[in-house]
1. Can you find a residue that is at pLDDT 95 or above, in a strand (DSSP E or B) and among the basic types (Lys, Arg) anywhere in region 154-169?
2. So which of ILE179, ILE164, ILE222 is in contact (Cβ under 8 Å) with a residue 24 or more places away in the chain, away from ligand 2 (no atom under 16 Å from the Cβ) and either of a type outside the set (Asp, Glu) or outside the structural domain of SER242 (by TED's automatic domain parsing) (or both)?
3. For residues that are within 16 Å of the chain's Cα centre (by Cα) and either of a type in the set (A, V, I, L, M, F, W, C) or closer than 17 Å to TYR155 by Cα (or both), scanning just region 249-277, find the one that is farthest from ligand 1 (Cβ to nearest atom).
4. Here are the criteria: (1) in a helix (DSSP H, G or I); (2) in contact (Cβ under 8 Å) with a residue 24 or more places away in the chain; (3) more than 21 Å from GLU128 (Cβ to Cβ); (4) assigned by TED's automatic domain parsing to the domain that holds ARG35. Tell me which single one MET282 does not satisfy.
5. Please go through (1) more than 16 Å from ligand 2 (Cβ to nearest atom); (2) in contact (Cβ under 8 Å) with a residue 40 or more places away in the chain for GLN61 and return the number of the only condition it doesn't satisfy.
6. List the residue pairs whose Cβ atoms are under 7 Å apart, where the first residue sits in region 295-309 and is aromatic (Phe, Trp, Tyr), the second is away from ligand 2 (no atom under 13 Å from the Cβ) and part of a helix (DSSP H, G or I), and the two are 6 or more positions apart or on different chains.
7. With (1) modelled with pLDDT of 95 or more; (2) assigned to a loop (DSSP other than H, G, I, E, B); (3) aromatic (Phe, Trp, Tyr) as the list, and PHE173 as the residue in question, which single condition is left unmet?
Amino acid sequence: MRTAKSIMGEGWVLGIESTAHTFSFGLVGPDGTPRPSSSDTLRPDEGGIHPREAADHHVEQSTRLLSELLVREGLKSSDLSTIAYSQGPGMGPCLRTGAAAARAISSHLDVDLIGVNHCVAHIEIGREQCGCDDPVLLYVSGGNTQVIARLDGRYRVLGETLDIGIGNMLDKFARGQGIPFPGGPVVEKKALEWLKKHPDASLEGLELPYAVHGMDLAFSGILGAANRLIREGNPLEAVCWSLQEHAFAASIEVAERALAHTGKSEVLLGGGVACNQRLRDMCEIMCSEREAKSHVPPRMYCIDNGTMIARLGWLEIKHGRRTELMESGVDQEMRTDQTPVSWP
Ligand code: ATP
Ligand code: FE2
């Protein structure tokens, strides 16, 4: 049974994001309007993200983050009509903390519960923010690198990384240089420093493998070769710049091919790596050459955030779906094309 409030579209939707390093609560209003999230990201002093440590971090932060969000928005818990959470894909222990919080809040308030697909949430917040209709999506995050288009009621993966995600590659490269997680923003900063010092910089001597395989991509070869450039004595800033140029050009090339194959005329960037200005610029250049339109959401909605979960929960509830308590388990391997897309 759905609750009267959610059927009548009266209440607010709370979204809970917990797939990996970030725990985040976000809200959309009764009409689906997003409000900024309240988030905290685990940043280990050394090493990568340990799923158990991340899950402990999420539990420790949850009460503070939720109360901060409700106070900031001037809402009471009784204003909520639906609790949405990331059901997958992600790290098991992290996903379970979000699902457990969602079940507890929805049972306590006796409101609807909806488990959503994290990857589809990245797409839908971008569509809402950019007002784009039927884009090819370049979804570039830590764990995922996919080129996606909507077809026959699903978001279909047209191409993807065959090994690690692009963000994961940037983070691993950075970690090897003593830069803590998340390394992507620091790689961007160092690349800019190189360009500032060398406005006419050339890639000669800084070449890396160009890993496009049809519609698919690969990043572990680029990572190994970038590490070799460092061992050979090239400056870190130069290698950061080359790494971005190669990895982003490969990703944009696949997005361009997807535009050509699908006949669509919009590209939407999503995922944490879409915060990167160089990637945004490359996408803009490619689109303008093809007379297509490039869309980039605000950075706070590119990185993992609870608001995108709330937005997708709002769409799902509006179109008649909800999650029963018995079906509220998590799915670490959930795929982008697994979720039926019943909304326009
Ligand atoms: P998913 O579960 O969707 O794979 P995720 O867990 O990787 O998500 P996101 O917040 O979507 O989380 O993305 C985080 C990634 O984005 C990290 O790898 C981080 O280094 C990268 N990133 C963030 N900002 C930048 C930037 N300015 N340039 C490059 N990479 C960035
Ligand atoms: Fe994400």
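The values are calculated or read from the model by the stated rules, or taken from the named source; none is laboratory data. Every value quoted in this text rests on a predicted model; they were computed, and no experiment measured them. Please note: Cβ atoms are built from the backbone with ideal geometry, for glycine as well, and neighbour counts cover all protein chains shown.
1. Step one: of region 154-169, the residues at pLDDT 95 or above are 154-169.
Within this subset, residues satisfying the condition of being in a strand (DSSP E or B) are 154-161.
Adding the requirement that they be among the basic types (Lys, Arg) leaves 154, 156.
Yes: region 154-169 contains one or more residues that are at pLDDT 95 or above, in a strand (DSSP E or B) and among the basic types (Lys, Arg).
2. On the way: ILE179 fails: in contact (Cβ under 8 Å) with a residue 24 or more places away in the chain; ILE164 fails: away from ligand 2 (no atom under 16 Å from the Cβ).
Within the list ILE179, ILE164, ILE222, the selection yields ILE222.
3. Here the residue is VAL267.
4. (4)
5. Of (1) more than 16 Å from ligand 2 (Cβ to nearest atom); (2) in contact (Cβ under 8 Å) with a residue 40 or more places away in the chain, only one is false for GLN61: (2).
6. If the second residue must be away from ligand 2 (no atom under 13 Å from the Cβ) and part of a helix (DSSP H, G or I), the pairs left are TYR301/GLN129.
7. It fails just one condition, (2).
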